[in-house]
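Encoded as structure tokens, the structure appears first; notes follow it.
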Amino acid sequence: MTPHETWMKYAIKEAERAFDQNEVPVGCIIVHENKIIGKGYNQIETLKDPTAHAEIIAITAAAAQLESKFLENCTMYVTLEPCTMCAGAIVLAKIPTLVFGAYDPKAGACGTLYTITEDARLNHRVHTISGVLDAECGSLIRDFFKLKRSDGIQNYPGQNN
């Protein structure tokens, strides 16, 4: 197992926490000097907050840990390709490296629909590594929505239709 896969397993554990709380299962960790300094999972439904994405929660925790708005020398691991909001926050936090698992064909902003994290017009670019444990990360999302559909919920609030 590669180091990126090892760290992604921790992000998957966060995604599983979201799944268990009936949230879209996305998990995120931020690593600094070989230590997790921030972690989060989607809490949009729980907090009734559209910005309560795993990445935003992890960035807030990591910034508090480092007592800095910039997360230099950090790596973010997230189970699903970040959306436009999260990609923008990653750039603003000046995170140098992003590693994500599954691609998001409906909202991905780090290579699929947009490439915000590597846009030369912005003041910071993020080295992005994609597809790490993508099958495992993607199956969590698919299983979650399959379960929602089997419960008769066709348009779950967190689902991108």
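The values are calculated or read from the model by the stated rules, or taken from the named source; none is laboratory data. As the structure is a prediction and not an experimental result, all values here were calculated from the model. Positions of Cβ are generated from backbone atoms using ideal geometry, with glycine treated the same way; all protein chains shown enter the neighbour counts. For the accessible areas, the whole protein counts, side chains as well, though only heavy atoms, and no ligand, DNA or RNA atoms are used. Shrake-Rupley method; radii C 1.70, N 1.55, O 1.52, S 1.80 Å.
A few notes on this one:
- P(r) tail for the stretch 33-77: Cα pairs beyond 15 Å make up 41% of the total.
- Inter-label distance for residue 85 and residue 135, nm, one decimal - labels placed 7 Å from Cα along Cα-to-Cβ: 3.3 nm
- Förster radius 35 Å - calculated FRET efficiency between residue 115 and residue 35, Cβ distance, rounded to 0.05: 0.75
- Label-to-label distance for residue 72 and residue 6 is 2.7 nm, based on points extended 7 Å past Cα in the beta-carbon direction.
- Ranked by the mean number of other Cβ atoms within 10 Å per residue, highest first, peptides 58-67, 92-101, 123-132 order as 92-101, 58-67, 123-132.
- Amide H within-cut-off set for residue 104, under 5 Å, with H built and near neighbours excluded: 81
- Rounded tilt (10° steps) of 3-20 against the dominant C-alpha axis of the chain: 40 degrees
- The stretch 44-102 - percent of accessible surface contributed by carbon and sulfur, probe 1.4 Å: 58 percent
- Packing-based order for 9-21, 134-146, 26-38, using average beta carbon neighbours within 10 Å, highest first: 26-38, 9-21, 134-146
- Estimated translational diffusion coefficient (Stokes-Einstein, Kirkwood radius over Cα pairs, 20 °C, 1.002 mPa s) of the stretch 5-161: 140 µm² per second.
- Overall Cα dimensions of the stretch 1-78 - principal axes, largest extent first, Å: 32, 32, 12
- Comparing 69, 148, 48 in a Gaussian network model of the chain (Cα springs below 10 Å), the most mobile by mean-square fluctuation is 48.
- Centroid-to-centroid separation of the stretch 1-80 and the stretch 82-149 [C-alpha atoms, Å]: 12 Å
- Cα-Cα over 22 Å, subset of 9/35; 106/148; 48/94: 48/94
- Counting only the Cα atoms, the stretch 43-126 fills a convex hull of 89 Å³ per residue.
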